[in-house]
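The values are calculated or read from the model by the stated rules, or taken from the named source; none is laboratory data. This is a predicted model, so every value here is computed, not measured. Neighbour counts run over all protein chains shown; Cβ positions are idealised from the backbone, glycine included.
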Amino acid sequence: MQFQQIIGQTTLKLELIREIESGKIAHAQLLQGPAGHGGLPLALAFSQYLFCTNRQANDSCGQCASCQKVQQLQHPDLHFVYPVVQSIGKTSDLFLADWRAQLQQNPYFDLFQWTERIDNKLRKPIIGTEESKEIIRKLNFKGYEGGYKVMIIWQPEEMNADCANKLLKILEEPPAQTLFLLVSEDASKLMITIQSRTQLIRVPKIGSEDLSTYLQQTKNQNRTNADAVSAFADGSFLAALAYLETSDNQDQQRNQFIQLMRVCYKKEVLAMMDWADDLATIGKERQKLFIQYTLHMLRQSILTNYMGDTLTKVSSEEAAFLEKFAPFISGNNIREFMTTLDAAYYQIDRNANARILFTQLCFQTMRYIHQA
């Protein structure tokens, strides 16, 4: 993968290139940030630039034999470790075909999407003890092409304790010309001793303009829609993609939000209960997307109130609703809304009873909307 294929992240790309050009490459680096920000694509592009035999000023050449091997995910000195379902297979190598297929399809993906691909029962994948033995075995070999050996560990926070302890030992005394790239969504879950032995690289949100431009160029979106989706996604390509992939339901999502606010404003308890019942049936991922959409609309309401429509990024249909709705969101209730919705997202992710959760959300919304 080349740096030019990564959405935004211009500053970080240049920093990674400068690191290689300086010849001072930290042997263990920890890229931290949500999957939608592009940590894994950055690790792939960094590896390709490192292996490239004809480096350009701002990117790998994409044409040399080494670049071709990385792009096909078949470079002998590039290794991958990722969580796997232990009852199916103990090590990453047994899932390599799935891993390559996922990266070729879309290198922006999260743990849930990976789990969906490898296990229709959606059992929790981990990086287990057998994997640590494979890491040590592979890195003790001499590099096939005489240069660096790169070990990309995706979602290292999913390592069990035994694996983490064994990884710590090889991080402390790595073989010559070995590079570890740990790609994590939540580095705080890693052992402190592992964190201390890696160079932390924070992967920031994708810039709104960069994301909007990418959506216009590759997803057939006009400027207005691309800006609206970019604002909703809040710097995450995965969130933008999820929104676009449910395009058949975008009207439904907007209508669900409008209906929630209307029945709660009117204090129509039976209608509120019906709304909660409906939301309980749409599935976990759509429920999470609805929560994200609601947070987005509340943020746009605050911007509308304090900045007019100069900074808001919404579709024409959303703008028409916000014109009347925005005054009901203010400093008196926005904190409560945000806290409640963040908690709801967390609880959905942990399989809370959806009907109870959305019923509670209705009554909390009714209370907050009358505090404005």
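Among the residues of the range 215-243, write down those that are over 17 Å from the mean Cα position of the chain (by Cα), β-branched (Val, Ile, Thr) and within 20 Å of Pro41 (Cβ to Cβ).
The one that is over 17 Å from the mean Cα position of the chain (by Cα), β-branched (Val, Ile, Thr) and within 20 Å of Pro41 (Cβ to Cβ): Thr218.
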All but one of (1) in a helix (DSSP H, G or I); (2) in contact (Cβ under 8 Å) with a residue 24 or more places away in the chain; (3) surrounded by fewer than 16 Cβ atoms within 10 Å (Cβ to Cβ) hold for Pro175; which doesn't? (1)
Restricting attention to the range 201-230, the residues that are touching a Lys or Arg at 6+ places or on another chain (Cβ under 9 Å), over 25 Å from Glu15 (Cβ atoms) and either in the same structural domain as Arg299 (by TED's automatic domain parsing) or free of Cβ contacts under 8 Å to residues at least 40 places away in the same chain (or both) number exactly 3
Single unsatisfied condition, Arg197 versus (1) in contact with an Asp or Glu (Cβ under 7 Å, 6 or more places away or on another chain); (2) of a type outside the set (Gly, Ala, Ser); (3) closer than 26 Å to Gln74 by Cα: (3)
Tyr346: among the hydroxyl-bearing types (Ser, Thr, Tyr) and more than 21 Å from Glu268 (Cβ to Cβ), yes or no? yes
How many residues are crowded, with 19+ Cβ neighbours inside 10 Å and closer than 30 Å to Asn351 by Cα when one looks only at the range 129-153? 2
Within the range 254-287, track down each residue that is among the polar types (S, T, N, Q) and over 25 Å from Gln113 (Cβ atoms). Asn255, Gln259
Considering only residues of the range 91-122 that are under 18 Å from the mean Cα position of the chain (by Cα) and among the aromatic types (Phe, Trp, Tyr), which is surrounded by the fewest Cβ atoms within 10 Å (Cβ to Cβ)? Phe112
What helices (runs of 4 or more DSSP H), lying completely within the range 1-82, carry at least 2 residues that are without any contact (Cβ under 8 Å) to a residue 12 or more places away in the chain and within 23 Å of Pro174 (Cβ to Cβ)? 10-22
Meets criteria (over 20 Å from Leu30 (Cβ atoms) and over 17 Å from the mean Cα position of the chain (by Cα)) for Arg254: yes
Please enumerate the residues belonging to the range 148-162 that are farther than 29 Å from Ile20 by Cα and either of a type in the set (S, T, N, Q) or in contact with a Pro (Cβ under 9 Å, 6 or more places away or on another chain) (or both). Asn160
Looking at Glu209, Glu245 in this structure, which one is exposed (fewer than 15 other Cβ atoms within 10 Å of the Cβ) and farther than 29 Å from Ala352 by Cα? Glu209
